[in-house]
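Down below is the structure, laid out as structure tokens.
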């Protein structure tokens, strides 16, 4: 299970359709909890718990009438590296890089057609300017991946990757 690291974590996810709301996703062994909040006043709008099912050793949950896989055979394919995409867009002054080192877990829910329906991040960032940049990049994120696959069929997935400011690829493409 390549993506087992997601098993017990919370993920901050911005809802693409309404940037004034956000989701907290908590994954456990039996269920996934989605809590929707208003980002203006942090008021809880919705608290949903979804059962995690398993089929052919692949875990999934049903979200908006679609099975969203946590485990999958083939991950979504983006035209360019996601690290390169973020590195080219975020402005990190070289003299500040060592004092503000952090890693973010960027997460997406991608539907079976490759459309990103939710996106967000989890991670500590002490710099408000970097937080705003990451949220802005996520709000304007427009890459459309080829969908993930399970048993050679396109499926919706919960996909994530680490964005590390000291990653060699990040440093290579961050010229700001």
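The values are calculated or read from the model by the stated rules, or taken from the named source; none is laboratory data. Given the structure is predicted, the values throughout are model-derived calculations rather than measurements. Positions of Cβ are generated from backbone atoms using ideal geometry, with glycine treated the same way; all protein chains shown enter the neighbour counts.
A few remarks follow.
- Residues (assigned to a loop (DSSP other than H, G, I, E, B) and either over 16 Å from residue 167 (Cα atoms) or at pLDDT 80 or above (or both)) located in region 93-124: 111, 112, 113, 114, 115, 124
- The strands (runs of 3 or more DSSP E) falling completely within region 14-66 that include 2 or more residues that are within 21 Å of residue 155 (Cβ to Cβ) and at pLDDT 90 or above map to 53-55, 58-63.
- Options 3, 72; residue that is modelled with pLDDT under 80, surrounded by 14 or more Cβ atoms within 10 Å (Cβ to Cβ), within 18 Å of the chain's Cα centre (by Cα) and within 23 Å of residue 163 (Cα to Cα): 3
- In region 77-92, the residues that are outside any helix (DSSP H, G or I) and either modelled with pLDDT under 65 or touching a strand residue (DSSP E or B) at 6+ places or on another chain (Cβ under 6 Å) (or both): 77
- Conditions (1) within 30 Å of residue 52 (Cβ to Cβ); (2) modelled with pLDDT under 85; (3) surrounded by 13 or more Cβ atoms within 10 Å (Cβ to Cβ): number failed by residue 149: (2)
- Of residues in region 125-140 being surrounded by fewer than 18 Cβ atoms within 10 Å (Cβ to Cβ) and under 27 Å from residue 65 (Cα atoms), the one modelled with the highest pLDDT: 140
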